[in-house]
1. Taking the Cα atoms only, what angle lies between the long axis of helix 26-41 and the longest principal axis of the chain, rounded to 10 degrees?
2. Given the -39500 (n - 2.57) contribution per DSSP H run of 4+ residues, what per-residue ellipticity at 222 nm results for the chain, rounded to the nearest 500 deg cm²/dmol?
3. Among Arg68, Arg54, what's the order by accessible area (1.4 angstrom probe), most exposed first?
4. What residue among Gln129, Gln53, Gln99 has the largest mean-square fluctuation in a Gaussian network model of the chain, using Cα springs under 10 Å?
5. What number, in percent, do you get for the relative contact order of the chain if the mean sequence gap of Cα pairs under 8 Å and at least 6 apart is divided by its residue count?
6. Could you state the angle between the C-alpha long axis of helix 65-77 and the longest principal axis of the C-alpha atoms of the chain, as a value from 0 to 90 degrees rounded to the nearest 10?
7. Pull out the extension gain between Asp128 and Ser28, defined as 0.36 nm times the separation in residues minus the alpha carbon to alpha carbon distance; nm, one decimal.
8. In µm²/s, what is D for region 22-104 at 37 °C and 0.692 mPa s, where D = kT/(6 pi eta Rh) by Stokes-Einstein and Rh is the Kirkwood radius from Cα pairs?
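The values are calculated or read from the model by the stated rules, or taken from the named source; none is laboratory data. Keep in mind it's a predicted model, so treat the numbers as computed, not measured. For neighbour counting, all protein chains shown are included, and Cβ atoms are generated from backbone atoms with ideal geometry for every residue, glycine included. Remember, those area values only see protein heavy atoms, side chains included, never the ligands or the DNA or RNA. Shrake-Rupley method; radii C 1.70, N 1.55, O 1.52, S 1.80 Å.
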Amino acid sequence: MTSTRDEVLFATLLELADTATNGFDLVSMADRLVGACVEVLGVTAAGIMLADQRKSLRVFASTNEETRMLELFELQNNDGPCLEAFGTGKQIAGVDLSQFTTRWPRFAAAAMSSGINTAYAVPMRLRDQTIGALNLFQSGTEPMSSHDLSVAKVMADMAAIGIINHWSIRQQEVLAQQLQ
């Protein structure tokens with residue numbers, strides 16, 4: 001018998017894979033993903049930032065308003081783990097923010113003042129194309145297990161594949177309409 005956590009994970013992965021169907025809603029998928037991250041990974045909050053056509057990140061989904069505000073703060077100050085994960089394409093794992101006040105001074109201070117003490121950022125990518133990042137925030141400083149970090153990477157990669165697939169389908173639909 002699988003646990004509820006596994007059931008949520010499997011349902012989320014199926015939803016992320018199901019992007020070629022009519023009626024697929026990207027916003028609902030993103031909201032489901034950040035909620036599943038909290039439930040499956042046991043983090044306090046999660047958010048997604050996606051790149052626009054000019055490769056500028058935008059807040060796309062958050063588990064709550066505080067997380068959305070923290071992500072907006074990160075963007076406005078060009079300072080934080082999500083931006084670094086997006087820029088480098090590498091995962092930022094288990095950053096105790098009290099140890100990163102020099103690296104991300106504004107973000108670390110803002111996060112800790114809102115009760116977030118540990119941050120993770122997982123690039124959302126397909127091969128060499130990074131389209132955004134998944135932010136994971138914890139109030140505590142206990143690191144996530146390597147298994148949970150792998151699950152976070154799988155979820156971020158599946159979401160990236162789904163989003164890129166969705167964008168490709170939309171682009172084809174627009175092109176077909178323009179040709180008609």
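1. The helix 26-41 is inclined about 40 degrees to the chain.
2. Using -39500 (n - 2.57) per qualifying helix, the result is -17000 deg cm²/dmol.
3. Sorted by accessible area, descending: Arg54, Arg68.
4. Result for the chain, Cα springs under 10 Å: Gln53 fluctuates most.
5. 23
6. Computed tilt is about 90 degrees.
7. 33.4 nm
8. Values: Rh = 13.8 Å.
Rounded, D is 237 µm²/s.
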